[in-house]
Each structure stands twice: as structure tokens, then as C-alpha cells.
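The values are calculated or read from the model by the stated rules, or taken from the named source; none is laboratory data. Keep in mind the model is a prediction, meaning the values are calculated, not measured. No Cβ is skipped: glycine too gets one built from the backbone with ideal geometry, and neighbour counts run over all protein chains shown.
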Amino acid sequence: MYHLRTCAARLRPLTAAKGTQNVLQQRSAACALRTFQPSRCYTTPVVAEPFLNGTSSNYLEEMYYAWLENPGSVHKSWDTFFRNANAGVPPGTAYQSPYSPAAITSALPQELVGSQAKVEKLVEDHLAVQSLIRAYQIRGHHVAQLDPLGIMDADLDLCVPMDIVTSSSKLGFYGLSDSDLDTVFRLPTTTFIGGSESVLPLREIIHRLEMAYCQHIGVEFMFINNLEQCQWIRRKFETPGTMQFTPEEKRNLLARMVRSTRFEEFLQRKWSSEKRFGLEGCEALIPALKTIIDKSSENGVENVILGMPHRGRLNVLANVIRKELEQIFCQFDSKLEAADEGSGDVKYHLGMYHRRINRGTDRNITLSLVANPSHLEAVNPVVQGKTKAEQFYCGDTEGNRVMSILLHGDAAFAGQGIVYETFHLSDLPSYTTHGTVHVVVNNQIGFTTDPRMARSSPYPTDVARVVNAPIFHVNADDPEAVMYVCNVAAEWRATFHKDVVVDLVCYRRNGHNEMDEPMFTQPLMYKQIKTQKPVLQKYAEKLISEGVVTSQEYEEEVASYDKICEEAYARSKDKKILHIKHWLDSPWPDFFMLDGQPKSMSCPSTGLKEEQLVHIGKVASTVPVDGFTIHGGLSRILRSREAMVENRTVDWALGEYMAFGSLLKEGIHVRLSGQDVERGTFSHRHHVLHDQKVDKRTCIPMNYIDPNQAPYTVCNSSLSEYGVLGFELGFAMASPNALVLWEAQFGDFHNTAQCIIDQFICAGQAKWVRQNGIVLLLPHGMEGMGPEHSSARPERFLQMCNDDPDVFPKITANFEVQNLYDCNWIVVNCSTPANYFHVLRRQILQTFRKPLIIFTPKSLLRHPEAKSTFDDMLQGTHFKRLIPEEGLASQNPAGVKRIIFCTGKVYYDLTKQRKNKEMEATVAIARIEQLSPFPFDLVKAEIDKYPEADLVWCQEEHKNQGYYDYIRPRIHTTIARARSVWYAGRESAAAPATGNKKAHLLELDRFLNTAFSLDAFRDQS
């Protein structure tokens, strides 16, 4: 009974085997309604009905299955007996009162009476077999033959599970023995090893379980909490004869293996001293990817977006994406000239976009491989965002037409937190891509680090379990097993639209790259690798022995592909093919041209007609859904908006509403994402209204601006910066005709997304000729909220700007637009709602795309002076790169003693201090709204206007932070260093801000006094 006890807690409800279903249903009804009378004495059950449609020898077994399905379908005495037997009560004493085995057996047919031990043995043995089957389903992957080298386990759990029957001696674990091997057992409906048979001998049961779960495929799926999905996987791997391939499929697989292998060998022959991060040791990756794509195309997929690290990228480009081989080979040319634009990147970081006919299905398919840096796994959310955008723009709400495939390394998959962040986007409504196929190239080593030092989980893929993704481990030296697993993975994704992981357990024939020496750190592993027969050779020999191909046919296949490579190598010498734009992964073919000509370098007015502003303002201040109850506090906010519209003014939130609403009306999709953006961290936005009486009923007024408008997407994100910013970047890649914004909860929270900012946003165009118009909204301002809620770290963004501080540019008619075109990104700190409105609209109306970094306010969201009038937003108005002094000082420039340049919120502190000191006629204050590209022309004009004035840069940030180190050399260049630029602000510090409110106010008062003290800097000089 021990085995009843150990398995009972894990048993799921089972149904009767095929052929007994109707019997059980009839018997259950009979038991419930006629046979057993509830009013009768429980100690002596009475069976009044004859047995229904079955022999008495099967009756107990059928009743047991019925009890597993529904304990109420049998008499209470039998329910008690089965429960006590499962609980391990010894024979003869199983729950004597009120039910005893003696009383229970009195209800049995006469041929079973007096055989209580036989009854218990029958129940126990069937439970044992079910427990055994379940053990293989749960833990069979631990003993599967996954390592091609045969020297390591694919997992770090070195113990063979005790409940996996690797020898007959382990039968005792289940209370069985060798004498039971030929005993026939009925199979539960939670296994498909029987095929069309419902009963099998124990020997055959074990054999079939071993074939299903312990060969070259290991399946992890029993943690999935969905019975339908578990049954689907069982059927795919347990059904006998499913892993069979036709001779034609095998020949096709061999041809793909030839291409994968010979491509790497060709590169090695031609460029033996070049790094290429080849695929040797995992050549099965190419047929694996092609299988996934073929099956997905067969299921209706038209667009596949891939992301991968550097290992095998060139092979994937050549043999999966089908990049022209000469374009790949020319990248190895040591005399390759600089890229047409930007800095370019190494060949194994480049991306690609290609539309072609899929030969397996004769259907069009678009394949794109997203460019990415050496920051492993950073491309994951970017691919997901691009996939989501492609689905959105083609109306693919279920992911039937567009899908993503992500490739990973084993060490990175386990070690990089972005993997976890990306997985947790997989089922979120505004982020799901309806299933991704993850392929892990499991080298069983990370650079030089042994897996035992690289992860704490048994498998590198364990992170996928958090979203109930099935994990298929497969020995990569068995191409047919790889092909089968990839077919199943593609079918899973098409059926359930959920993530799935294929773990290709392989090895790395060379070191980390072709110039590396792995014997330094893994001597035993690489001794084995040196003797390892290549998988192509093994598979060719297998097919030749099976008579699928002949030796001559195989040699001809190899020679044919070698010839293709040689011919492409000859073409690669033609310098005309060298063009970086061949490597675009997200082309926008219709964006840069107009009527066959390049678009002009100009930007029209970003203002609007007043009636448009009024209309959008009315939508922003009303609830467009009848019977919708909003919060009382929100009612006041909407009334306040209505009053502003009547007074022709806007605050920050309404200015944003005007920009978004006008773009939507013009057919531009707007997507705003981030933590709590629907309401706004500072409770200012309220773009999603919640009914106070009906749960989960919401309204987005922005989608009621115009019947023909583009859709507005505003979505609270998961508590992730790295993953979500990468996702939004990928979304913005898909189309230039969308305003995609990511808002940090506080500006400095972008710290944890720094990789996306540094590697993709800042340098993306220079490396990959890929324009991107993503907008980052980063709340910024020193307001006594402590070091983590103050600074968006503007110094970091400004340090990475590519404009030269020592060169005063040539001022031309289109200087402003040309400056924007030449920069790597735009950095602004707007001080008025109107300027915020204009910069958002300019982002779309200009004829190119650049990332836009906006340091947004916190206290200015409700500051009474931080408002704009409609006059600042009407037709003919533009974004102001610099807002000059417009008060008394501007009326008498000769009398101005000091001009203070500043940016952002500190302007309002300065004007208040100037008024208190009655210095409005002698001190001018100019706001630099666009920090990069630097407005050299406007700064020069403002300085020239006040020839007698001292030049002061004032900021609220510490001297070693903020803008000073960026601004000072540029002002010096503007004036040819003819005058000094003084600093007024906080002193240098390690932390961005003090956490003490009093200290904050003292610092503020000190630097404001310095800014207006006319003698403060002369003493220093």
C-alpha cells in the first residue's frame, strides 16, 4: 500500500478507458439512483442490481476508474475503501468503522468473495502502473540521452530519479516485480502509449515510455496547469509511430544539413583567421529553424521576425533568411571601406529583411533578422515589440499571420534578467505576440564558464516554466529528433498561441570564437569534441545504410553547394555590392520618397486651427459614454479642463492631449506605454476612465475624437524598464507613421534600461542605418523628493550626443532641420505646454525619424505659470528651440548686466527670485528648450543682443551632473571664447539630490542668490 500512498496525492481525475465509458456512465447512474439506498445501513452495503454490461472480473477495475473520475459515482462504502487503501491502511484493518473491508467484500460477486488481498493487490498494481507512467511523464527527461558528447548531463541534477524504471530492480519501488512484466494492465486516458490498444503488458508499457521520454528527446510539460495542453503534448510524444519521416523528408533534411555544415567549412577555408562565431557543433540549428518556418507557413504565417545572438548568425542569414552569399562574403574583405552612413557594425551583429517564396509551402513569407549588439538577449523585447507592431498594423489579432522566433545561448538564457522580463510580457494584453518559439543553442558552456558555475537551476531553460511554456530538450546530433521537436513546437504555437522552448543540446566545436583556445579551461570536454564525428557525417551514413540516398547522391549534394559558395565568392569581389543598406532589418520603402523623389528637408508648422484645439479640448473634458460613472475627483479635473478650453489655455496634460488627439485625427497611431501611464504617475493624465460602479468597465475618450481617426493605445506596463523600453523600441521600428512613447515612472528609472538606450537608441542608426522615432518621457526635477526621484540623468544623454562642441556650424536656410537630420537623437527640456505640444507633433511631421528624449516636469504639471495660450499653438507656430527673454530686460538690452541661460523647471524659480530682487530690467533669462542638437544660431543671437552682460549658466542639478559640462563648451564655441561662462547651481556631489527637504531648500536658495549676485563671479575672476 506504500505505492498507493506515494502516488495518491498526485493523481489527477481519470476517466475510464475507451470501451468502458458507456458502462461506467450507466453504472454511475444506477449506483446513484437505484442500486444503493442512502437510507440503508452503511456497514453492510447492498447490491440490488446485476452488473451492467460487463463481466464480474472487470467490475472492480471499472468501478475504481469511475471512482477516480467521480468519488460520488460509487457507494459510500466503496468510496471509503478506496480512500483508505490510498491512505495506506494495512489489509484487513482498512477503516473498520463504519466501513470495513469485510463489509465491503460482502458486496462483491461471489467469485471475488474471500479474496480481499486479491482486491487490494488489483487496485494497488493498477495505481502503481499509473504512478509509473506519470513518473516518466514528469521526470523522464532527466534520463533522456540528450548530450551528444555523452560525457555530461543536460541538467545539473546528477541523480537518476528513483521512480524511473531503468532496470527491473526498480520495479520494487512500485511494489511490482519481474513476475509482473507480462501482466496486462489497462491504460489510463492520460497516456497515449497504447495507440489504438487500451491494455498492454507491463514490459511493453515500460518500453514505450522509454521510447517516448528517455531517448534523444526530453519533454518538460507536467507543470502546465491545463489538462488539454498536457494531453496534446502526450499525444504528440507518446503515440507509437509518430516520429516517422518519409524518404523525401529525410533527403530534404540531409540537404539542409549539408548547407549548414559546408557553409561553415567554406568560411573556415577562406578566412581561417577571422572571427565569425560559427555554428560548428550545432549544425542542426539551420534545419530546425527552417522546419519551424515551414510548419508555421503551412499554418498561415506570412511574416517571421527573428532575434538571435552572434553564434551562427551568418549561417542563419545565408541558409534561413537567404541573404545573398556574396553580400555576406564581402563583409570579410579586409579592404572594405567605411559604411555609406554611420559607423557600421561587425558582420555578426547585422540584421536583414527578405521577402521570398517558401519552397516548402509555395507561399510568400517575409523574414527579418533584427540587428543587435553583443549584449546577449537584449534583442528579445525588441523583436517582440516589432512583432506586436506588425500584427497590429495588419489586423492580426490572434498572431496567425505574424510570429517571432527567438534564439538564445544556454548561459545567457539562464543568466540574463531580460529573458524573464520578456517572458512576463507574453500574455499581457497590450504586449502579447500570441506565442513565441524560443530555440536555445545549448553549448553546455558559457564562454569559459562551466554550467555548474553559471546557474542554480537544473536546466538553463527553467525560467520558461514561469509562463507554463512547454520545454522540449533534444539531442542536436539527432537531426530527425530535432526536426520532429520543431514541428511540434510550431504546431503548439499555432494551436495554443503560447510560448514554447526548444532546447538544442549540442556542443561548441571551437572556442568562444574561432581564435579562442578552449583547452585552457575545459580540457576533458574538448578532448572528446576533437574525436566527435560531425553530425552531417553521422546522418549521411545513417541514410546511406537505410538506402534513402546513395554515396554518390550525397557527394553530389555536397559538391553542388560548394560550387554555389565558390561562385558567390567570386561575385563578392565586385565593389559595387558594398552598401550598408543591404542590411536593413526594418525598411520603410515608402517613407523617404515622394512622387519618386526624396522628401524635402523641411518641417511645416506644427500648429493647429483653433477649432481643432477646441474640439480636442472638449473631448478631453467629457465622458463620451452614456451611463458611465466617474470618480468625483476626476469630475473636478474634467471641469477644470473645460474651463481652460473656454479661457483658451492649456496645462501640461491638456497640451499633451492636444498633440496626441491631433495626430490621431491625421491618421497617426499613438502608443503610450510605461508604468501607470494610463492615469499618470502624478495623477495628471487620466487617459483611461474607470466606471466607479461596474468592475473593469473603462473608457478612453481619446478614441472618440473623430470617426476616421487612428487608434490610440495607452497601456500600463509590467514593472519592467529594460523589457518594456526594448518592446516599445521594436514597436517603433515597424512603421514610421506612428508616435510611440515610453514614459518612466520617474526619470532615473531608465537606469535599468540603459542597455536599450546605449546600444539601440543612441547608436542604432550609426551601426545599422535604422532610423527610429521612439520618444522617451523622463520626469525630471529637483523638488526635495530624494536622490532616486529627482534626476533623469540628463548628463548621460548629453554625453552621448554626436554634435561637436568645438565647431560652430555653418548657418544655412534649413539649419534647424539639417541639424536634426545629422544628430543621433534629440534632447529637449520643455518649460511650456505649448512647446511640449509642438515637439511631439514635430516628431511626426518631419521627414525623417530620430529618437526624442524629453525631460518632463513634475511640479510644473500644476504650476500656475506653466500654462500656454492657444495663440502659442495656432497655425504658423513652431517648436521653440530657445525661448528668449521677452520682459523688461529685452526692451533695454544695453542696460542688461547679466544674461542667465537655463533649461526646464529652474526657469520659474529664477523668474520668481528676479522679481523678488527687483532685477527684471538688469537680468535677462533665456531658456534653452532643445539641448541637442544645440541651437548655436539662437544662442549666438541672444548673446549678441546683450553685449555688456555677464554670461551665466544656471541649473538646479549638481555641477558634475545636469547640463553644465555639455553647455559650457558650446557657448564658448559660440562666442569664440571671448567671454567667460559662469556657473550657478549646486556643487558637485555623488548623489543626484539630498533626501532632506530642509537641505534641499537651503541649496536652492544658495544657488539662486548666486545667480543674481552681480559680484559673485567677478571675485573669482
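Within the range 755-768, which residues are surrounded by 24 or more Cβ atoms within 10 Å (Cβ to Cβ) and either among the small types (G, A, S) or on the phi > 0 side of the Ramachandran plot (or both)?
Scanning the range 755-768 gives a single hit, G764.
How many residues are aromatic (F, W, Y) and surrounded by fewer than 22 Cβ atoms within 10 Å (Cβ to Cβ) if we restrict to the range 647-666? Don't jump to the end; show me each part of the working.
First pass over the range 647-666, keeping only residues aromatic (F, W, Y): 652, 657, 660.
Filter once more, keeping what is surrounded by fewer than 22 Cβ atoms within 10 Å (Cβ to Cβ): none.
The qualifying residues number 0.
Every residue, every condition in (1) assigned to a strand (DSSP E or B); (2) modelled with pLDDT of 90 or more; (3) surrounded by fewer than 24 Cβ atoms within 10 Å (Cβ to Cβ); (4) in the same structural domain as K767 (by TED's automatic domain parsing), yes or no:
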site	(1), (2), (3), (4)
R256	no, yes, yes, no
S260	no, yes, no, no
F277	no, no, yes, no
C282	no, yes, no, no
L289	no, yes, no, no
I321	no, yes, yes, no
E337	no, no, yes, no
G342	no, no, yes, no
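Look at the range 667-684 and say how many of its residues are over 27 Å from the mean Cα position of the chain (by Cα) and either surrounded by 17 or more Cβ atoms within 10 Å (Cβ to Cβ) or of a type in the set (K, R) (or both). Steps first, please.
Here is the first cut: in the range 667-684, the residues over 27 Å from the mean Cα position of the chain (by Cα) are 667, 682-684.
Subsequent filtering for residues that are either surrounded by 17 or more Cβ atoms within 10 Å (Cβ to Cβ) or of a type in the set (K, R) (or both) retains 682, 684.
Matching residues across the range 667-684 total 2.
Return the residues of the range 862-904 that are outside any loop (DSSP other than H, G, I, E, B), among the aliphatic types (A, V, I, L, M) and buried (at least 21 other Cβ atoms within 10 Å of the Cβ); say none if nothing qualifies.
Step one: filter the range 862-904 for residues outside any loop (DSSP other than H, G, I, E, B), giving 868-874, 882-883, 888-891, 893-895, 898-902.
Add one more test, that the residue is among the aliphatic types (A, V, I, L, M), and what stays is 873-874, 882-883, 888-889, 894, 899-900.
Across the range 862-904, the qualifying residues are M873, A889, I899, I900.
Could you say which residue among V439, V419 is under 26 Å from E491 (Cα atoms), out of contact with any Ser or Thr (no Cβ under 7 Å at 6 or more places or on another chain), in a strand (DSSP E or B) and in contact (Cβ under 8 Å) with a residue 24 or more places away in the chain?
Numbers: V419 fails: in a strand (DSSP E or B).
It is V439.
Within the range 838-847, track down each residue that is in a loop (DSSP other than H, G, I, E, B) and either under 19 Å from L931 (Cα atoms) or acidic (D, E) (or both). Spell out how you get there, then give the answer.
Narrowing the range 838-847 to residues in a loop (DSSP other than H, G, I, E, B): 846-847.
Correct list: Q846 only.
Search the range 513-524 for residues being surrounded by 18 or more Cβ atoms within 10 Å (Cβ to Cβ) and more than 20 Å from V535 (Cα to Cα), and hand back the single one that is modelled with the lowest pLDDT. Don't jump to the end; show me each part of the working.
Keep residues of the range 513-524 that are surrounded by 18 or more Cβ atoms within 10 Å (Cβ to Cβ), which gives 514, 518, 522.
Retained after the next criterion (residues that are more than 20 Å from V535 (Cα to Cα)): 518, 522.
Values: P518: 84, Q522: 81.
The extreme case among them is Q522.
Would you list the strands (runs of 3 or more DSSP E) that sit entirely within the range 163-249 and hold 3 or more residues that are under 22 Å from V143 (Cα atoms)?
On the way: elements: 184-186, 199-201, 217-220.
In the range 163-249, the matching strands (runs of 3 or more DSSP E) lie at 217-220.
I'd like to verify a number: residues in the range 481-527 that are assigned to a helix (DSSP H, G or I), more than 16 Å from Q231 (Cα to Cα) and basic (K, R), how many?
Counting residues in the range 481-527 that are assigned to a helix (DSSP H, G or I), more than 16 Å from Q231 (Cα to Cα) and basic (K, R) gives 1.
List pairs: first in the range 966-978 and in the same structural domain as L931 (by TED's automatic domain parsing) and over 15 Å from D804 (Cβ atoms), second among the charged types (D, E, K, R) and surrounded by fewer than 20 Cβ atoms within 10 Å (Cβ to Cβ), Cβ under 8 Å, 6+ apart or cross-chain?
Note: pairs meeting the criteria are I975/K940.
For S717, which of the numbered conditions (1) buried (at least 20 other Cβ atoms within 10 Å of the Cβ); (2) over 17 Å from V775 (Cβ atoms) fails to hold?
Result: S717 passes all but (2).
If I filter the range 580-590 for residues that are within 30 Å of P470 (Cβ to Cβ) and either modelled with pLDDT under 80 or outside any helix (DSSP H, G or I) (or both), do I get at least one hit? First the steps, then the outcome.
As a first pass, look at the range 580-590 and keep what is within 30 Å of P470 (Cβ to Cβ): 585.
Still in the list and also either modelled with pLDDT under 80 or outside any helix (DSSP H, G or I) (or both): 585.
Checking the range 580-590: at least one residue is within 30 Å of P470 (Cβ to Cβ) and either modelled with pLDDT under 80 or outside any helix (DSSP H, G or I) (or both).
Of the conditions (1) at pLDDT below 95; (2) surrounded by fewer than 22 Cβ atoms within 10 Å (Cβ to Cβ); (3) within 34 Å of the chain's Cα centre (by Cα), S790 fails just one. Which one is it?
(2)
Among the residues of the range 400-409, is there at least one that is of a type outside the set (A, V, I, L, M, F, W, C), surrounded by 24 or more Cβ atoms within 10 Å (Cβ to Cβ), in contact (Cβ under 8 Å) with a residue 24 or more places away in the chain and more than 19 Å from D153 (Cα to Cα)?
For the range 400-409, residues of a type outside the set (A, V, I, L, M, F, W, C), surrounded by 24 or more Cβ atoms within 10 Å (Cβ to Cβ), in contact (Cβ under 8 Å) with a residue 24 or more places away in the chain and more than 19 Å from D153 (Cα to Cα): present.
When residues of the range 137-187 are filtered for being within 40 Å of the chain's Cα centre (by Cα) and either surrounded by fewer than 21 Cβ atoms within 10 Å (Cβ to Cβ) or closer than 30 Å to M525 by Cα (or both), how many remain?
Filtering the range 137-187 down to residues within 40 Å of the chain's Cα centre (by Cα) leaves 137-166.
Okay, now just the ones that are also either surrounded by fewer than 21 Cβ atoms within 10 Å (Cβ to Cβ) or closer than 30 Å to M525 by Cα (or both), so 138-166.
Residues in the range 137-187 being within 40 Å of the chain's Cα centre (by Cα) and either surrounded by fewer than 21 Cβ atoms within 10 Å (Cβ to Cβ) or closer than 30 Å to M525 by Cα (or both): 29 in total.
Inspect all residues belonging to the range 914-924 and state whether any of them is buried (at least 18 other Cβ atoms within 10 Å of the Cβ), under 47 Å from the mean Cα position of the chain (by Cα) and among the aliphatic types (A, V, I, L, M).
Scanning the range 914-924, I find no residue that is buried (at least 18 other Cβ atoms within 10 Å of the Cβ), under 47 Å from the mean Cα position of the chain (by Cα) and among the aliphatic types (A, V, I, L, M), so the answer is no.
Does E197 satisfy being acidic (D, E), surrounded by 17 or more Cβ atoms within 10 Å (Cβ to Cβ) and modelled with pLDDT of 90 or more? Steps first, answer last, please.
Numbers: acidic (D, E): yes; surrounded by 17 or more Cβ atoms within 10 Å (Cβ to Cβ): no; modelled with pLDDT of 90 or more: yes.
When the stated conditions are applied, E197 does not pass them.
In the range 163-194, what residues are modelled with pLDDT of 85 or more, of a type in the set (G, A, S) and over 17 Å from E124 (Cβ atoms)?
Within the range 163-194, just G194 meets the criteria.
Of all residues in the range 634-643, which are under 19 Å from D871 (Cβ atoms) and either of a type in the set (V, I, T) or buried (at least 17 other Cβ atoms within 10 Å of the Cβ) (or both)?
R641 - this is the single residue of the range 634-643 that is under 19 Å from D871 (Cβ atoms) and either of a type in the set (V, I, T) or buried (at least 17 other Cβ atoms within 10 Å of the Cβ) (or both).
A318: touching a Phe, Trp or Tyr at 6+ places or on another chain (Cβ under 6 Å) and farther than 19 Å from Y507 by Cα, yes or no? Steps first, answer last, please.
Values: touching a Phe, Trp or Tyr at 6+ places or on another chain (Cβ under 6 Å): yes; farther than 19 Å from Y507 by Cα: yes.
In short, yes.
Between L739, L729, which is crowded, with 23+ Cβ neighbours inside 10 Å and touching a strand residue (DSSP E or B) at 6+ places or on another chain (Cβ under 6 Å)? Working first, answer last.
Values: L729 fails: touching a strand residue (DSSP E or B) at 6+ places or on another chain (Cβ under 6 Å).
Step by step, each of L739, L729 is checked, and only L739 is crowded, with 23+ Cβ neighbours inside 10 Å and touching a strand residue (DSSP E or B) at 6+ places or on another chain (Cβ under 6 Å).
Among the residues in the range 453-475, are any over 24 Å from the mean Cα position of the chain (by Cα) and at pLDDT below 95?
Yes; the residues of the range 453-475 include at least one that is over 24 Å from the mean Cα position of the chain (by Cα) and at pLDDT below 95.
I need the full set of residues from the range 533-543 which are within 13 Å of R508 (Cα to Cα) and surrounded by 17 or more Cβ atoms within 10 Å (Cβ to Cβ), in order please.
V535
Please go through the range 210-221 and give me each residue that is surrounded by fewer than 19 Cβ atoms within 10 Å (Cβ to Cβ) and out of contact with any Phe, Trp or Tyr (no Cβ under 8 Å at 6 or more places or on another chain), ordered by number.
Listed by number, the residues that qualify are M211, Q215.
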